[in-house]
Structure formats: structure tokens, C-alpha cells
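Contents: one structure, followed by commentary.
The values are calculated or read from the model by the stated rules, or taken from the named source; none is laboratory data. Just so we're clear, the structure is a prediction, and the values are computed from it rather than from any experiment. Note that each Cβ is placed from the backbone with ideal geometry, even for glycine, and that neighbours are counted across all protein chains shown.
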Amino acid sequence: MKFYHVDSFASELFKGNPAGVMILKNGWLDERLMLNIAMENNVSETAFVLIDGDDLHIRWFTPTLEVNLCGHATLAAAHVLYNHEKAKGELSFNSRSGILGVTKKGTLIELDFPKGDITPVPFSEELNCFNYSPNEVYKGKDDYLFVFSSEEKIRDIVCDLRKTSQIDLEGIIVTAKGKEYDFVSRYFGPKIGIPEDPATGSAHTLMVPYWQSVMGKTSFKALQLSKRTGELWCEAVGDRVKIAGNAITYLEGEIFI
């Protein structure tokens with residue numbers, strides 16, 4: 001089976017977030033097999049794309065489980081379809097999170113994702129997972145959003161991975177207003193097999209509406225401050241968030257099962 005390894009939200013190799021992409025044309029693989037492939041790939045997510053006539057379906061697996069939404073692996077999948085499978089025009093993926101549109105705009109690939117809803121919650125001892133305390137805490141469907149006072153705190157933050165793996169949601173997004181970028185962030189998800197994610201598209205479906213309410217604008221340039229870093233262009237459009245980035249193929253090969 002064809003396999004691709006793509007660096008997403010990056011314009012050069014060894015930056016952004018690595019994702020595995022499997023292109024399937026004869027139906028889904030067994031779920032246990034897909035999970036084993038994702039575990040063996042050992043990147044944050046592996047996207048499985050089923051081409052069924054004119055329809056595209058996508059699922060995402062971390063090394064430990066299937067997730068509801070993944071931005072960087074969707075970007076990687078679209079990159080593979082455009083650059084290796086001769087796809088043209090706008091793409092539409094059927095997914096657990098509904099229809100996800102994708103458009104190629106020059107060198108950028110733009111994802112059309114549903115906006116995430118967040119609710120303010122108290123900061124409790126169970127959420128005290130970092131060496132700094134957040135100014136604000138919000139709860140989304142899958143992740144917490146912690147807002148801090150400075151970019152420096154996001155850069156220097158240290159996560160207690162053991163404690164973070166015990167929270168009731170998948171992970172914690174940390175964010176602050178940026179200096180050269182509109183906002184910066186990091187993402188920690190040890191509970192789902194991702195100690196720190198290098199560049200997290202889905203996290204921006206929560207951060208964009210938050211920063212829209214704070215800054216009063218709809219377009220943002222964002223930087224994820226992982227060791228690899230990730231660069232994203234985002235826009236709030238009604239109940240959707242558009243997330244764009246570059247991607248580059250690192251490896252093309254075959255998996256033998």
C-alpha cells in the first residue's frame with residue numbers, strides 16, 4: 001500500500017508537523033490494522049483517505065486512538081492528492097467532523113473547518129499542569145484552552161506530562177498574544193499519545209474565535225512554538241475557520257502488511 005510522510009504547516013523539511021498519509025481505493029482497512037499502522041509510523045497522526053468514486057473520506061489515528069479532527073494530517077492528505085494523485089480544484093473530505101473543504105491557493109493549501117465552541121471554566125488543581133498559571137481557562141469539546149500573559153511564557157512553558165495525561169479531555173492548548181505574529185501557541189496531548197504536537201491545525205478552530213473576540217478582527221497569522229515550529233494563516237468566516245499552510249513531501253514508499 002502506498003504511504004507518504006509529509007511535513008505540514010512548513011515550507012521546508014524538518015519543520016512543521018509530520019503526518020503519515022495512506023491512500024485507500026478498495027474500502028477501509030480493519031480499524032485495528034489502521035491503529036497498528038499509525039502506531040508503527042509513530043507520528044502525531046496518520047490520515048487514511050478512502051477514494052470512493054468521486055467521494056473522499058478521511059479518518060485520523062494517533063499512535064493510540066482515532067480522533068475526531070486533525071488539521072495537519074488533513075493538510076498532508078490534500079498535499080498528497082494534489083501533488084501525487086493528480087487531484088484538481090476544490091476537495092471535500094467526509095469525516096467525523098462533517099464535510100471538510102480544501103482549496104489550493106498558490107503554494108498554500110486552505111482547510112475549511114467548523115469553528116470550535118469554548119466555555120470559560122475555573123482553574124482547578126487538576127488542571128495545574130504547567131510551571132505557569134494561565135490568566136484564563138476555557139473548555140472545548142476535545143481540548144482545554146489556556147490563555148497566558150506573554151509569548152515568553154509560551155516559549156518557556158514546561159508541561160507535567162503525567163498530570164496532563166490524567167485530565168478529562170484529550171489535551172491542552174496554551175496560547176498568548178504574539179510579537180511578530182498575531183498569536184502563538186503550543187499543544188500538549190500525552191493522553192492521546194502526543195506529548196507535544198509540533199503544529200496543530202484543529203487547535204486553531206478554538207484559538208481563532210477566541211482571538212477574534214479579543215482583537216476584533218477576522219484574519220490572523222499564527223505561529224506554533226514547538227521545537228519544529230509551525231506557521232499558519234487563519235480566518236474566521238461565520239461558523240467556520242479557514243486554516244492555511246504549506247506542506248512538503250519527505251517520503252514516498254510502500255507499506256507491506
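Which pairs turn up if I take residues in the stretch 236-257 that are within 16 Å of Tyr210 (Cβ to Cβ) and look for partners that are part of a loop (DSSP other than H, G, I, E, B) and small (Gly, Ala, Ser) with beta carbon separation below 8 Å, at least 6 apart in sequence or on another chain?
Final answer for the pair search is Val241/Gly116; Ile243/Gly201.
So which residues in the stretch 45-81 are within 21 Å of Cys234 (Cα to Cα) and assigned to a helix (DSSP H, G or I), if there are any at all?
Answer for the stretch 45-81, where residues must be within 21 Å of Cys234 (Cα to Cα) and assigned to a helix (DSSP H, G or I): Gly71, His72, Ala73, Thr74, Leu75, Ala76, Ala77, Ala78, His79.
Report the residue count in the stretch 8-24 for those that are within 12 Å of Ala77 (Cα to Cα) and touching an Asp or Glu at 6+ places or on another chain (Cβ under 8 Å).
Residues flagged as within 12 Å of Ala77 (Cα to Cα) and touching an Asp or Glu at 6+ places or on another chain (Cβ under 8 Å) within the stretch 8-24 amount to 4.
I'm trying to understand the selection: among the residues of the stretch 207-235, which are touching a residue at least 40 places away in the same chain (Cβ under 8 Å) and farther than 22 Å from Ala10 by Cβ?
Here is the first cut: in the stretch 207-235, the ones touching a residue at least 40 places away in the same chain (Cβ under 8 Å) are 207-210, 221-226, 228-233.
The answer is Pro209, Tyr210.
Out of Thr218, Thr249, report the one residue that is over 13 Å from the mean Cα position of the chain (by Cα), surrounded by fewer than 24 Cβ atoms within 10 Å (Cβ to Cβ), of a type outside the set (A, V, I, L, M, F, W, C) and not assigned by TED's automatic domain parsing to the domain that holds Glu151.
Every option except Thr249 fails the conditions.
So, in the stretch 112-122, of the ones that are loosely packed, with under 14 Cβ neighbours inside 10 Å and in a loop (DSSP other than H, G, I, E, B), which residue ends up farthest from the chain's Cα centre (by Cα)?
Taking the stretch 112-122 and keeping what is loosely packed, with under 14 Cβ neighbours inside 10 Å, we get 117, 119-122.
If we keep only those that are in a loop (DSSP other than H, G, I, E, B) as well, we get 117, 121-122.
Numbers: Asp117: 16, Val121: 23, Pro122: 26 Å.
Taking the candidates together, the pick is Pro122.
Test of understanding: among Ile154, Ile192, Ile173, Ile167, which residue is hydrophobic (A, V, I, L, M, F, W, C) and out of contact with any Phe, Trp or Tyr (no Cβ under 9 Å at 6 or more places or on another chain)?
Ile192
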